[in-house]
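The values are calculated or read from the model by the stated rules, or taken from the named source; none is laboratory data. Keep in mind the model is a prediction, meaning the values are calculated, not measured. Cβ placement follows ideal geometry from the backbone for every residue including glycine, while neighbour counts extend to all protein chains displayed. Surface areas here come from the heavy atoms of the whole protein model, side chains and all, with no ligands, DNA or RNA. Shrake-Rupley method; radii C 1.70, N 1.55, O 1.52, S 1.80 Å.
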Amino acid sequence: MDFELTDEQVMLRDTVRDLLGRAYDPETRLKVTDTELGWNRDVWNQLAELGVLGLAFSEEDGGVGAGPVEVMVVLEEVGRRLAPEPILDAVLVPGGLIVAAGTAAQKQRLLPELVAGTKLLAFANEEPGTRWPAAELATTAVPQGGGYVLTGVKNPVPHGDCADELVVSAQLPGGGLGLFLVAAAAEGVVRKPFRTFDGRRGAQVELTSAPAELLGENADAAAALAAVTAQAQAALCAESLGAMEEALRLTTEYLKTRKQFGVTLSKFQTLSQRAANMYVSLELARSMSLYASAALVDDVTDPVVAARARLQVGRSARHIGQEAIQMHGGIGITTEYPVSHYVARLTAIARTLGGDLEHLRVLTARVAGYTLVEF
């Protein structure tokens with residue numbers, strides 16, 4: 001199997017790397033994330049013009065028609081620069097749900113604007129007091145006037161503060177999970193924005209008999225949600241990989257320049273060995289990220305594959321993050337120094353769509369189904 005990127009994929013990677021590199025040095029990024037929006041609409045528009053926002057969608061849906069590998073290439077560069085633009089939260093996840101469950105009319109109405117960057121969506125699924133994945137939702141959907149009204153609280157809703165429209169999950173009257181389209185400015189919708197510790201934005205969304213449109217014609221959307229969740233897990237792996245690579249680069253550069261006792265820290269064998277171990281963790285994460293991406297290329301959206309990849313990537317991220325802070329010393333936790341922001345982002349990703357414990361539960365629940373393998 002050839003794991004090398006094609007010429008087109010390399011060109012895409014280099015183009016996105018150049019765009020984000022010019023847009024975000026550490027100081028500029030801090031200024032952008034301190035704004036009310038938390039990201040740069042000019043960069044967003046440039047990403048749309050390059051076709052980045054349409055990579056995951058077919059040409060008939062207004063997209064580029066690229067594959068999962070191209071999406072992961074972009075997300076890796078996003079992680080490398082800690083670009084705050086909500087590609088995953090505002091495009092890939094809600095757009096993926098619309099593709100998987102929406103009607104032709106809904107796709108025609110929403111996807112072209114989504115790809116063009118003129119409409120922002122958000123997926124409101126998590127609820128207060130629950131762990132991923134929630135066994136049952138407290139948000140309810142009740143038929144009314146040919147449509148539905150939703151009541152419940154969703155928190156956190158990543159980038160729900162700036163969304164024009166929400167894709168909301170809710171419990172159906174007859175049981176099962178439904179997905180609904182809710183205008184963010186609709187009556188009965190209250191958004192309470194907040195800032196996360198890694199500098200991103202989110203919101204608590206309170207729904208009180210909010211008017212909603214069923215996404216698709218088939219009420220039960222559990223299968224669509226599971227498939228898009230697996231795609232999002234792979235995307236998080238790719239973003240983590242980019243952040244880990246940069247955290248390791250910053251650490252090794254620091255070891256080569258910082259002096260103690262008249263010599264650079266890189267001359268101390270123990271520190272060099274620890275840096276080498278960080279590289280091993282990075283390559284383990286890269287292998288599992290490729291594994292998750294390869295599964296999507298084969299149209300496999302298996303939660304076991306996603307859990308395997310997330311578990312190893314999460315462990316690698318924790319190891320690299322902790323070592324990066326330790327080897328930088330006190331400067332490593334300051335806001336002014338970039339490595340602290342990489343560790344914060346890796347920590348946030350490790351708590352998104354399940355942590356190590358949740359992914360272990362997914363894997364251990366299936367142990368009984370495996371037979372003994374002998375070599």
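A Cβ distance below 9 Å, combined with a sequence gap of six or more or placement on separate chains, defines the contacts here; from segment 18-41, residues that are open to solvent by 60 Å² or more (accessible area, probe 1.4 Å) reach residues that are part of a helix (DSSP H, G or I) in the pairs P26/H341. When segment 134-163 is filtered for residues that are part of a loop (DSSP other than H, G, I, E, B) and either among the polar types (S, T, N, Q) or under 19 Å from the mean Cα position of the chain (by Cα) (or both), the ones remaining, listed by number, are A134, T139, H159, G160, D161, C162, A163.
Yes/no per residue for (1) among the β-branched types (V, I, T); (2) under 17 Å from the mean Cα position of the chain (by Cα); (3) under 20 Å from V78 (Cα atoms):
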site: S272; (1), (2), (3): no, no, no
site: S287; (1), (2), (3): no, no, yes
site: L290; (1), (2), (3): no, yes, yes
site: A307; (1), (2), (3): no, yes, no
site: H328; (1), (2), (3): no, no, no
site: A348; (1), (2), (3): no, yes, yes
site: T352; (1), (2), (3): yes, yes, yes
site: L357; (1), (2), (3): no, no, no
site: V367; (1), (2), (3): yes, no, no
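P173 meets each of the listed conditions (1) open to solvent by 50 Å² or more (accessible area, probe 1.4 Å); (2) within 15 Å of G202 (Cα to Cα) apart from (2).
Residue check: V71 meets all listed conditions (1) in a helix (DSSP H, G or I); (2) open to solvent by 40 Å² or more (accessible area, probe 1.4 Å); (3) closer than 16 Å to L88 by Cβ but one, namely (2).
Which is part of a helix (DSSP H, G or I), at pLDDT 95 or above and closer than 18 Å to F123 by Cβ, of L19, L47, L92?
L92
Only one of the listed residues (A141, A48, A122) is touching a Ser or Thr at 6+ places or on another chain (Cβ under 9 Å) and either crowded, with 23+ Cβ neighbours inside 10 Å or of a type in the set (D, E, K, R) (or both). That residue is A141.
Residues in segment 203-222 that are buried (at least 20 other Cβ atoms within 10 Å of the Cβ), within 26 Å of the chain's Cα centre (by Cα) and part of a strand (DSSP E or B): A203, V205, L207, A212, L214. Among the numbered conditions (1) in a helix (DSSP H, G or I); (2) under 24 Å from D89 (Cβ atoms), the only one that L360 does not meet is (2). Looking across segment 2-13, the residues that are open to solvent by 70 Å² or more (accessible area, probe 1.4 Å) and either in contact (Cβ under 8 Å) with a residue 12 or more places away in the chain or in a helix (DSSP H, G or I) (or both) come down to F3, D7, E8, M11.
Might you let me know whether segment 150-160 holds any residue that is open to solvent by 30 Å² or more (accessible area, probe 1.4 Å), basic (K, R) and under 18 Å from P86 (Cβ atoms)?
no
Six or more apart or on different chains, Cβ atoms under 6 Å: show the pairs whose first residue is in segment 294-315 and under 15 Å from L284 (Cα atoms) and open to solvent by less than 50 Å² (accessible area, probe 1.4 Å) and whose second is modelled with pLDDT of 95 or more and assigned to a loop (DSSP other than H, G, I, E, B). What qualifies is G314/A350.
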